[in-house]
Amino acid sequence: MLPAPFIAAVQQLIGAKRLLAEAADLQRYGVDRTTIWQPAPSAIALPGSVEEVQQLVLLANQYDVAVVPSGGRTGLSGGAVAKNGELVIALDRLNEVIEFNPIDRSVTVGAGMVTEALQNFAEQHGLYYPVDFASAGSSQIGGNIATNAGGIKVIRYGMTRDWVLGLKVVTGAGELLELNRGLLKNNTGYDLRHLFIGSEGTLGLICEATIKLARPPVDLAVLVLGVNDFPSIMTVLEKYTAAMDLTAFEFFSEAALCRVTEHTGLARPFESQAPFYALLEFEQGGDQLDTAMALFEQCLEAELVSDGVVSQSLSQAANLWKLREDISETLWHYKPYKNDISVKVSKMPDFILEVDALVAERYPSFEVVWYGHIGDGNLHLNILKPAELALEQFVAQCSSVSSEVSELVERYQGSISAEHGVGLLKKPYLKHSKSSEEIALMRAIRRSFDPKGILNPGKLFD
Ligand code: 2HG
Ligand code: ZN
């Protein structure tokens, strides 16, 4: 329950109709794409300006109200879940282009702008925003920055962090900070902008962002290969990355393909079946297409791959991409337990065999679906909940296996969260990717931005 004087002050600040408390709104704004926690916020505030965000945070401090910042809520780690009567501050209305500069090739946008709208804006100006993933149609830039979102083009373009030139944020204490001024070069001590990128709403609310744009890639082709086993995927990756600049190298298992084709009605890439599929994307200009096809022949001869198809049109390329991109949405219907782990690409061949052996032993009766950004060393293991098993029991069993997977990740010096963030889901495993000294410093940083601990309590660490 929020204190009555706080509600009155918020209504006065943003207008009564911008403070939502209907059951459907609490339900909608209280969760992300996880399926584990029940949403239970007290109310949803929809501020219309940075000043209103700042005033809201100051009021929350005054009345000791916990706040959950909210973007498009497409996260997969529970970072935007509000389950304890918090006030959700949703940035939906801060969704405009504020300034575009073609000389700097940068654009400043409100944090509530949907990723796809930014991609479209860039395209209309002959430019390109390269951070891309299946939820681009509903995720928001502020949320992407708060979680340092990755996606399907990281192998070529990096993560969200690589595209943020500047940020306007309101800290947990209510200070308004303008970080890095949109500059390419700025060596003036600590770069606080980078602390906010990936901070999961625990240091402040990201209100505006200045984003760098790229030249668009030209004439992309998609190649899907049927691959015989895990080690072969890595050999194929090595061969292709040695010879070409790929814009993507993704993989998925036959189980993932079956679920997607069943769910979407999409056609298989080719008739024959393989245990795994690699999806490669590249600019086909110059001799790139010839190189890709020559490598395909070599891989066939070496019995690394068994079949393959290359896109002949943009629509065929888009359909091949859907086989990979629609996996997460398809599996969501099975309430999957998610892993999002990474190691250095060079360690991947050994790591993958060990994870495979571990999950095969520990999940003998659950269906494990493999896919991910294998070109970045990033695996998504989704464990599907058997229909007859209660959610709580399923989560408990998966969590105990996650501890073992996390120990393995630690042994390989990898990450327990490659791109989805820690949120609530990975909190127990953070210690496997960060030392206790690092976590202590993270806590101290959190306290200096949010001394009363009102922002996203319980996320990242307790
Ligand atoms: C993807 O790569 C997303 O498709 C989602 O990061 C992964 O749902 C998942 O586990
Ligand atoms: Zn992913």
Output the number of the condition that residue 154 fails; it satisfies all remaining conditions of (1) within 16 Å of ligand 1 (Cβ to nearest atom); (2) modelled with pLDDT under 95. (2)
Does region 112-127 contain any residue that is touching a Ser or Thr at 6+ places or on another chain (Cβ under 8 Å), closer than 29 Å to residue 40 by Cα and within 16 Å of ligand 2 (Cβ to nearest atom)? yes
Please find, among 198, 182, 172, 137, the residue that is surrounded by fewer than 22 Cβ atoms within 10 Å (Cβ to Cβ), more than 16 Å from ligand 2 (Cβ to nearest atom) and not aliphatic (A, V, I, L, M). 182
Of all residues in region 56-80 being outside any helix (DSSP H, G or I) and away from ligand 1 (no atom under 16 Å from the Cβ), the one that is surrounded by the most Cβ atoms within 10 Å (Cβ to Cβ): 70
Just for region 345-398: of the residues that are touching a strand residue (DSSP E or B) at 6+ places or on another chain (Cβ under 6 Å) and among the polar types (S, T, N, Q), which one is farthest from ligand 2 (Cβ to nearest atom)? 382
Matching residues, region 85-114, being more than 30 Å from residue 65 (Cα to Cα) and either buried (at least 24 other Cβ atoms within 10 Å of the Cβ) or of a type outside the set (A, V, I, L, M) (or both): 99, 100, 101, 102, 104, 105, 106, 107, 108
Taking region 349-378 and keeping only residues that are outside any strand (DSSP E or B) and within 16 Å of ligand 1 (Cβ to nearest atom), one is left with 355, 359, 363, 366, 374, 375, 376, 377
Strands (runs of 3 or more DSSP E) wholly in region 182-272 with at least 2 residues that are touching an Asp or Glu at 6+ places or on another chain (Cβ under 9 Å) and of a type in the set (A, V, I, L, M, F, W, C) - which ones? 220-227, 246-253
Unmet requirement for residue 293, which otherwise passes all of (1) aliphatic (A, V, I, L, M); (2) more than 16 Å from ligand 2 (Cβ to nearest atom); (3) touching a residue at least 24 places away in the same chain (Cβ under 8 Å): (3)
Before we move on, is residue 129 more than 16 Å from ligand 1 (Cβ to nearest atom), in contact (Cβ under 8 Å) with a residue 40 or more places away in the chain, under 30 Å from residue 242 (Cβ atoms) and within 17 Å of the chain's Cα centre (by Cα)? yes
Where in region 277-341 are there helices (runs of 4 or more DSSP H), lying wholly inside it, with at least 3 residues that are closer than 25 Å to residue 218 by Cβ and over 29 Å from the mean Cα position of the chain (by Cα)? 288-301
Being touching a residue at least 24 places away in the same chain (Cβ under 8 Å), of a type outside the set (Lys, Arg) and within 16 Å of ligand 2 (Cβ to nearest atom) is the requirement here; does residue 416 meet it? yes
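The values are calculated or read from the model by the stated rules, or taken from the named source; none is laboratory data. Everything numeric in this text was worked out from a predicted model, so none of it was measured. A quick note on method: Cβ atoms are made from the backbone with ideal geometry, for glycine too, and the neighbour counts reach across all protein chains shown.
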